[in-house]
Structures are given as C-alpha cells and as structure tokens.
Amino acid sequence: VPVVDQSGGLVDRFDRAGLLAIYTDRPDRALDAAVTLCQTLRTAELEEARGQALDFHVTISAGPAMIGIVGANQRLEAMTISEHTSFTGFLRPLAARYGAAVLLTASAAALIPDFASRYHARTIGFVRMRTLDRLERLYDVFDGDDETTRRLKDETKEHFEKGVTLFCAHQYYDARLLFIEVLKKHREDKAARNY
C-alpha cells in the first residue's frame, strides 16, 4: 500500500491475496509501482516464505472506469466499475502461467511515453477482450525480475518474440524450434515452456 500511495495511486479494494489500485493520470506510475513492488518483495526476507520463491504477479490495463458511491442510507460503499478492472483479474492467472511478474496490456503501454526504451519488455502473446471485441497484445515487463532472469529474458527476447509470432500464425513446428532455443539458454522460462 505505501508503494501505491507514494506513486500517486489509489487502493480501490483488497481482493483475495492482492489488491486493486487505480491510477487516474499516468500509466507509467502504475508500471513503476509494479516494478518497485516486485523488487521490494524479491529482496524482502519474509518469514512466511521460508526460503521458497514468492509467486507474485501484477497485471496492468488502461481504460475508462466509473467510480462512485452506491447503496442505501444504512450501507454506503465506494465502487469501481470498468471492463479493465475485471480484465486485470482475468489476466492474473495468465501472468502466473507465463511466469510474468508484471503483465501489461498494449493499451496501457501505448499511453506510456518511450515505453520501448524505458522498460525491458517482450511480447508474450495476445488475448481477446470480449467486452470490447478486440485482440489485446500482452507484454511481460521484466524490470521487476531478479538480475539473472532479466538478463536471460533480454538475451532470448528476439527468439521468443519470433516464436510467438510464428505460433500466432499457426506455424507451430517452427515456433517450437525457437522456443527450444530459448529454453536452451533459459531453462526456467515458463512462457517458452508453455508455448
């Protein structure tokens, strides 16, 4: 919560083992907060973890939202309604499946000035947003990963993204060969293994 507060975000609600935060002015602040959270949790010595790797994921989407107070006299509640808040919840299991600490939609990336030069990211695939009836590109932003993982994802980025392109074009055999090349260098790459 302090990281969200310091970066200009607003914690909307706590959801399961996580939280939903809203940024009203700049998506890069949300992305910076996500990277900071990942780095903070990686370096923290949490007793509950007992030496196990933390499974922590942040999903970010950008779009319109309605925020207001609903209810009756005896019970009022603040509520946020948006396809994008629901969509980030849908993306959480995908982030875990593909081993992405930070999963960002292309609609959010498009609003961040100099996204490609400011952050280390790779295209991880596409997903259909049914409510908006469009295909949305997803990025694995790996600035929050540990140093070794960040270096390996950077080294294998070109092969990985070519593999994703071939996979989306239904050229599975050629895509598989590229993902095997990625796994030769980075055995722990969950996304390459899944593809």
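The values are calculated or read from the model by the stated rules, or taken from the named source; none is laboratory data. Worth saying up front: this structure is predicted, and the values here are computed from it rather than measured. Neighbour counts are summed over all protein chains in view; Cβ atoms, including those assigned to glycine, are modelled from backbone coordinates with ideal geometry. Heavy atoms of the whole protein, side chains included, go into the accessibility calculation; ligands, DNA and RNA do not. Shrake-Rupley method; radii C 1.70, N 1.55, O 1.52, S 1.80 Å.
Of note:
- Flag for Thr156 being touching a helix residue (DSSP H, G or I) at 6+ places or on another chain (Cβ under 7 Å) and in contact (Cβ under 8 Å) with a residue 12 or more places away in the chain: yes
- Just one of the listed residues (Arg128, Arg92, Arg150) is basic (Lys, Arg), more than 26 Å from Val11 (Cα to Cα), touching a strand residue (DSSP E or B) at 6+ places or on another chain (Cβ under 6 Å) and open to solvent by 30 Å² or more (accessible area, probe 1.4 Å), and it is Arg128.
- Against the conditions (1) over 16 Å from the mean Cα position of the chain (by Cα); (2) outside any helix (DSSP H, G or I); (3) closer than 15 Å to Tyr98 by Cα, Glu161 satisfies every one except (2).
This table checks each residue for (1) modelled with pLDDT of 75 or more; (2) crowded, with 18+ Cβ neighbours inside 10 Å.
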| position | (1), (2) |
| --- | --- |
| Asp5 | yes, no |
| Asp28 | yes, yes |
| Gln39 | yes, no |
| Ala53 | no, no |
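- Of the criteria (1) modelled with pLDDT under 90; (2) open to solvent by 20 Å² or more (accessible area, probe 1.4 Å); (3) of a type in the set (S, T, N, Q), which one Ser117 fails: (1)
- Of Thr85, Thr131, Thr59, Thr80, all but one fail to be modelled with pLDDT under 90, part of a loop (DSSP other than H, G, I, E, B) and either within 15 Å of Lys190 (Cα to Cα) or out of contact with any Pro (no Cβ under 6 Å at 6 or more places or on another chain) (or both); the exception is Thr131.
- Residues located in segment 158-171, provided they are touching a Phe, Trp or Tyr at 6+ places or on another chain (Cβ under 9 Å) and either open to solvent by less than 30 Å² (accessible area, probe 1.4 Å) or modelled with pLDDT of 95 or more (or both): His159, Phe160, Gly163, Val164, Leu166, Phe167
- Tallying residues that are open to solvent by less than 40 Å² (accessible area, probe 1.4 Å) and part of a helix (DSSP H, G or I) within segment 181-195 yields 4.
- Check on Asp32, farther than 19 Å from Thr123 by Cβ, at pLDDT 85 or above and out of contact with any Lys or Arg (no Cβ under 7 Å at 6 or more places or on another chain): yes
- Across segment 131-142, the qualifying residues are those that are over 17 Å from Ala192 (Cα atoms) and of a type in the set (A, V, I, L, M), and the one among them that is most open to solvent (accessible area, probe 1.4 Å) is Leu135.
- From Asp145, Asp140, residue being closer than 20 Å to Asp32 by Cα and either in a strand (DSSP E or B) or free of Cβ contacts under 8 Å to residues at least 12 places away in the same chain (or both): Asp140
- Residues that are among the aliphatic types (A, V, I, L, M) and under 16 Å from His57 (Cα atoms) within segment 9-21 comprise Ala17, Leu19, Leu20, Ala21, listed in sequence order.
- Yes/no for Glu155 being over 22 Å from Arg92 (Cβ atoms) and open to solvent by 70 Å² or more (accessible area, probe 1.4 Å): yes
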